[in-house]
């Protein structure tokens, strides 16, 4: 889905005319664009198969680590809490921006709207349409219809996420204990 398609779908939900560009000077288009950005960041912050990467970061000569570009959130593998401050990683546990050793972390990235899988783009678009519609016209049956579309798109996205992550009980540490107990 392109950004223009998402904007035009939101405009159609509001009963407004479609546009030919997302940069057109139009107050509703500006509102939709801003809401799309916010809803996309909220969705991607959780981390999905398509925006998550495990990386090892190394300190520079000064002991600082540059934050990964477009990182929304960062989780340390050993329970560390990292945040981005002034483009650099900051260790919240030790209250410092200086590191003496490499750190392994999982990074959740923000992507361009066009790079989202279709199911994720649909979730962002329907959440945006709900927000803009209810802000302009209040809550009515159209919002309920958009909520149903969002629920279905989100369920599709979670199903694809689980399939792509290949979660399995056999990967858990307790599997051997459970398997042995079942054999008797």
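The values are calculated or read from the model by the stated rules, or taken from the named source; none is laboratory data. Just so it is clear, the structure is predicted and the values come from calculations on it, not from any experiment. All Cβ positions, even for glycine, are placed from backbone atoms using ideal geometry, and neighbour counts span all protein chains on display.
Here are some conditions: (1) buried (at least 16 other Cβ atoms within 10 Å of the Cβ); (2) modelled with pLDDT of 95 or more. Residue 152 meets all but one. Which one does it not meet?
Looking at each condition in turn, residue 152 falls short on (1).
Would you mind telling me which numbered condition in (1) farther than 30 Å from residue 157 by Cα; (2) touching a helix residue (DSSP H, G or I) at 6+ places or on another chain (Cβ under 8 Å) residue 108 fails?
Tallying (1) farther than 30 Å from residue 157 by Cα; (2) touching a helix residue (DSSP H, G or I) at 6+ places or on another chain (Cβ under 8 Å), residue 108 fails exactly one: (1).
Give region 1-19 a look and list any residue that's assigned to a loop (DSSP other than H, G, I, E, B) and either in contact with a helix residue (DSSP H, G or I) (Cβ under 8 Å, 6 or more places away or on another chain) or crowded, with 17+ Cβ neighbours inside 10 Å (or both), or say none.
Result: 1, 2, 16, 17, 18, 19.
So that you can scan it fast, the table gives a plain yes or no per residue for (1) part of a helix (DSSP H, G or I); (2) touching a helix residue (DSSP H, G or I) at 6+ places or on another chain (Cβ under 9 Å); (3) at pLDDT 95 or above:
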{"residue": "120", "(1), (2), (3)": "yes, yes, yes"}
{"residue": "124", "(1), (2), (3)": "yes, yes, yes"}
{"residue": "129", "(1), (2), (3)": "yes, yes, yes"}
{"residue": "136", "(1), (2), (3)": "yes, yes, no"}
{"residue": "173", "(1), (2), (3)": "no, no, no"}
{"residue": "181", "(1), (2), (3)": "yes, no, no"}
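Looking for whichever is surrounded by 12 or more Cβ atoms within 10 Å (Cβ to Cβ) and assigned to a strand (DSSP E or B) here; the options are 36, 89. Which one fits?
89
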